[in-house]
1. Just the residues that are surrounded by 15 or more Cβ atoms within 10 Å (Cβ to Cβ) and touching a strand residue (DSSP E or B) at 6+ places or on another chain (Cβ under 9 Å), please, taken from the stretch 88-105.
2. Just wondering, is there one or more residues in the stretch 216-230 that are outside any loop (DSSP other than H, G, I, E, B), under 18 Å from the mean Cα position of the chain (by Cα) and modelled with pLDDT under 95?
3. I'm trying to understand the selection: among the residues of the stretch 168-215, which are in a loop (DSSP other than H, G, I, E, B) and surrounded by 17 or more Cβ atoms within 10 Å (Cβ to Cβ)?
4. So residue 240 ticks every box in (1) at pLDDT below 95; (2) in contact with a strand residue (DSSP E or B) (Cβ under 9 Å, 6 or more places away or on another chain) but one. Which box is left unticked?
5. In the stretch 231-260, which residues are under 19 Å from residue 18 (Cα atoms) and either in a helix (DSSP H, G or I) or outside the structural domain of residue 28 (by TED's automatic domain parsing) (or both)?
6. Just name the residue that is nearest to residue 175 (Cα to Cα) out of those in the stretch 138-158 that are surrounded by fewer than 18 Cβ atoms within 10 Å (Cβ to Cβ) and touching a strand residue (DSSP E or B) at 6+ places or on another chain (Cβ under 8 Å).
7. Can you list residue pairs whose Cβ atoms sit under 6 Å apart, with the first residue in the stretch 130-143 being in the same structural domain as residue 167 (by TED's automatic domain parsing) and without any contact (Cβ under 8 Å) to a residue 40 or more places away in the chain and the second being surrounded by 12 or more Cβ atoms within 10 Å (Cβ to Cβ) and assigned to a loop (DSSP other than H, G, I, E, B)? Count only pairs 6 or more apart in sequence or on different chains.
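The values are calculated or read from the model by the stated rules, or taken from the named source; none is laboratory data. As the structure is a computational prediction, the values presented were derived from the model and not from experiment. Methodologically, a virtual Cβ is constructed for each residue, glycine included, from the backbone with ideal geometry; neighbour enumeration extends over all protein chains shown.
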């Protein structure tokens, strides 16, 4: 597929964040102009992230500070997908959400009944303040038979220097402790996120393109959902490492800036 064909066939761009539009606190190359030009030719931009440690408002503030936010843009996180899933499949249930305080408040604002004493459902999000007492309580709830969900499967979170342990690493910990894995994972590459995005933005998968730097989340997500996909080499994946995966992007670009 050529860049021109992809642009003609896409109304909605789903953009991963770190490694795709910025690295840490720096936009990648001329990303401000690239996003502005995409908006100018009528493309809707949604910043789609598995990272459930922050609220959409926190991401919006960062994107605005970096000059990457524009009119009509939106942020969608794996925590938002988890809230939608809970409302659809566990309405009214008592839910223990292992997350940052801001994200727990987001769940509560979304109509989720938080319960840290006798929950029926446990949700593992990216709690960057996780400590032993929280781990012990979460493990006890799992041992007690609570339904087990997770926001996303990423093993590490990209950071300068050594990557930080992410929810995927926490999943391995609780599997060893409780013998359980989540019945549903809501973020990329799983279908809950794809269904939530289609419902939230009303654009069919065939007219949607996912752009990201990870084969096993971003590109696999697009392939499974029937979306177009762009792998960018500005983050985690290289041309050599992409060959280790069965997933296939429609385009491989040094950075998203090459799309125009």
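1. Those that are surrounded by 15 or more Cβ atoms within 10 Å (Cβ to Cβ) and touching a strand residue (DSSP E or B) at 6+ places or on another chain (Cβ under 9 Å): 90, 93, 94, 95, 96, 97, 98, 99, 103, 104.
2. Yes, there is a match, as at least one residue in the stretch 216-230 is outside any loop (DSSP other than H, G, I, E, B), under 18 Å from the mean Cα position of the chain (by Cα) and modelled with pLDDT under 95.
3. Within the stretch 168-215, 182, 186, 187, 188, 189, 190, 203, 213, 214 meet the criteria.
4. So the condition that residue 240 fails would be (2).
5. 241, 242, 256, 257, 258, 259
6. The selected residue is 155.
7. Cβ pairs passing all conditions: 142/180.
Rundown of residues vs (1) surrounded by 14 or more Cβ atoms within 10 Å (Cβ to Cβ); (2) out of contact with any strand residue (DSSP E or B) (no Cβ under 8 Å at 6 or more places or on another chain), yes/no style:
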position: 15; (1), (2): yes, no
position: 22; (1), (2): yes, yes
position: 26; (1), (2): no, yes
position: 41; (1), (2): no, yes
position: 50; (1), (2): yes, no
